[in-house]
Amino acid sequence: MLTSRLTRSDRLLKVLANFQHVYIVAHNTPDPDAIASGWAVAFLVEQKLHKQARVFGGGDILRAENKHMLDLLHPPMELVRRLECPPSTAVVLVDCAVGNQNHLFADHPVLPVAVIDHHLHDGQPRRRLPFRDIRPQVAASATICACYLREQKLEPGDPLATALLYAIRTETRGNETRYSRTDRTALLWLTERADFSKLAEIENAPLSVAYYTDLVLALQNTIIYHDAALCLLPRASAAEIIGEVADLLIRCEPIRRVFCGAVIQGDLLFSVRTMPDSGNATDLVQAMLAGGGQGGGHPCRAGGKIPGDLAGPGVDQRLQNQLQDRWLAACGLPPQQGNYLVARDEIVENL
């Protein structure tokens, strides 16, 4: 007699059924992909195992669109500074992995029972876990989690479907536009269920005055070296502006590679963007870290953090020189004098 093969979602549910509590943990400062993926896994557990599942993330959510997503869709995301697990708790990591340092259990003795992610994890030690679903070939972790709901014949409802659809859209910004067959199937399924009025509201969220100030200062402090741009923000009201500036700069026609960084609470946070034929963004991040700090991402979109005790909102001259040297070396460019994206005399003329 033939028996049907267990799907990935079947195997996940089988693992989680052995625990009394389920804690789903996203990476710190959760983005739409982490929020929607955690929500989908919680929905799956509650519908199929009839037990409560809680979704956690560390830090804050500051990007305007992401905050608007929370206000409109009300995902069950709990933002905390630290997290303790009661006995018989299954920890599920979504949109991050065991070896990352950007989640609540990075330095915690609790080992997760499951990891669901779409990021590359080259060089990280492979741990034996009861469940692992890591698919770098798909555009988003939300794609994976949408597949779970389809496999279990669960209707997500329009708020969750909208969150999952928006998550996939955000993960395919810039040059990360290659969709797998799995992504296309998930997008079609979610499109039939999402609320496009709310999706449009999220994508056109109101922006603060501080956002425009940061943006102007970023453009004025961008230097181009041949086809590589370096932008060190003199101030940043929130970490999200770093990635947004990088996304904007990579669209500038002469630019093929972008490094954008800012000091946030004493650490240097940065984002890297590349055109598809101009190097791997994750490799460039690792070159910039030079053995110190943490980072990773995708072929065309990546980011990292260099921890430190940096004073003031801006990057001091010593660190700026060091970052410039590292960036040129990582891009295979010789030491050279760059040109400002916005010429100094143009700034003066328009004051």
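The values are calculated or read from the model by the stated rules, or taken from the named source; none is laboratory data. Worth saying up front: this structure is predicted, and the values here are computed from it rather than measured. Cβ placement follows ideal geometry from the backbone for every residue including glycine, while neighbour counts extend to all protein chains displayed. Keep in mind that these areas ignore ligands, DNA and RNA; they rest on the heavy atoms of the full protein, side chains included. Shrake-Rupley method; radii C 1.70, N 1.55, O 1.52, S 1.80 Å.
Screening segment 81-161 for strands (runs of 3 or more DSSP E) wholly inside it with 1 or more residues that are among the small types (Gly, Ala, Ser) returns the ranges 89-94, 114-117. What is the residue count in segment 128-149 for residues that are touching a helix residue (DSSP H, G or I) at 6+ places or on another chain (Cβ under 8 Å) and open to solvent by less than 50 Å² (accessible area, probe 1.4 Å)? Qualifying residue count, segment 128-149: 15.
Across segment 173-223, the number of residues qualifying as part of a loop (DSSP other than H, G, I, E, B) and surrounded by fewer than 16 Cβ atoms within 10 Å (Cβ to Cβ) comes to 10. The conditions are (1) open to solvent by less than 60 Å² (accessible area, probe 1.4 Å); (2) more than 28 Å from HIS119 (Cβ to Cβ); (3) free of Cβ contacts under 8 Å to residues at least 60 places away in the same chain, and GLN320 fails exactly one of them. Which is it? That leaves (3) as the condition not met.
Residue-level check: of (1) in a loop (DSSP other than H, G, I, E, B); (2) modelled with pLDDT of 85 or more, ARG273 misses just (1).
Residues considered: VAL45, VAL22, VAL15. Of these, the only one that is touching a Phe, Trp or Tyr at 6+ places or on another chain (Cβ under 7 Å) and open to solvent by less than 60 Å² (accessible area, probe 1.4 Å) is VAL15. When only residues in segment 1-52 that are farther than 29 Å from GLY243 by Cβ, among the small types (Gly, Ala, Ser) and modelled with pLDDT of 95 or more count, which is nearest to the chain's Cα centre (by Cα)? Restricting to residues being farther than 29 Å from GLY243 by Cβ, among the small types (Gly, Ala, Ser) and modelled with pLDDT of 95 or more, the top hit is SER9.
Is it the case that segment 259-276 has a residue that's open to solvent by less than 20 Å² (accessible area, probe 1.4 Å) and over 27 Å from SER208 (Cα atoms)? Within segment 259-276 (the criterion being open to solvent by less than 20 Å² (accessible area, probe 1.4 Å) and over 27 Å from SER208 (Cα atoms)), the answer is yes, since at least one residue qualifies. All of GLY292, GLY243 fail the test of being on the phi < 0 side of the Ramachandran plot and part of a helix (DSSP H, G or I), apart from GLY243. Quick check: is even one residue across segment 150-169 touching a Lys or Arg at 6+ places or on another chain (Cβ under 6 Å), modelled with pLDDT under 95 and open to solvent by 10 Å² or more (accessible area, probe 1.4 Å)? Looking for residues that are touching a Lys or Arg at 6+ places or on another chain (Cβ under 6 Å), modelled with pLDDT under 95 and open to solvent by 10 Å² or more (accessible area, probe 1.4 Å), one finds none in segment 150-169, hence no.
Does LEU328 qualify as being at pLDDT 90 or above and open to solvent by less than 40 Å² (accessible area, probe 1.4 Å)? It is true that LEU328 is at pLDDT 90 or above and open to solvent by less than 40 Å² (accessible area, probe 1.4 Å). Only residues that are farther than 20 Å from ASP345 by Cα and open to solvent by 30 Å² or more (accessible area, probe 1.4 Å) were counted in segment 228-239, giving 3. Screening segment 69-97 for residues that are among the small types (Gly, Ala, Ser) and closer than 17 Å to ALA53 by Cβ and picking the one that is surrounded by the fewest Cβ atoms within 10 Å (Cβ to Cβ) gives SER88. For the condition within 23 Å of VAL98 (Cα to Cα), surrounded by fewer than 20 Cβ atoms within 10 Å (Cβ to Cβ) and at pLDDT below 85, GLY291 qualifies.
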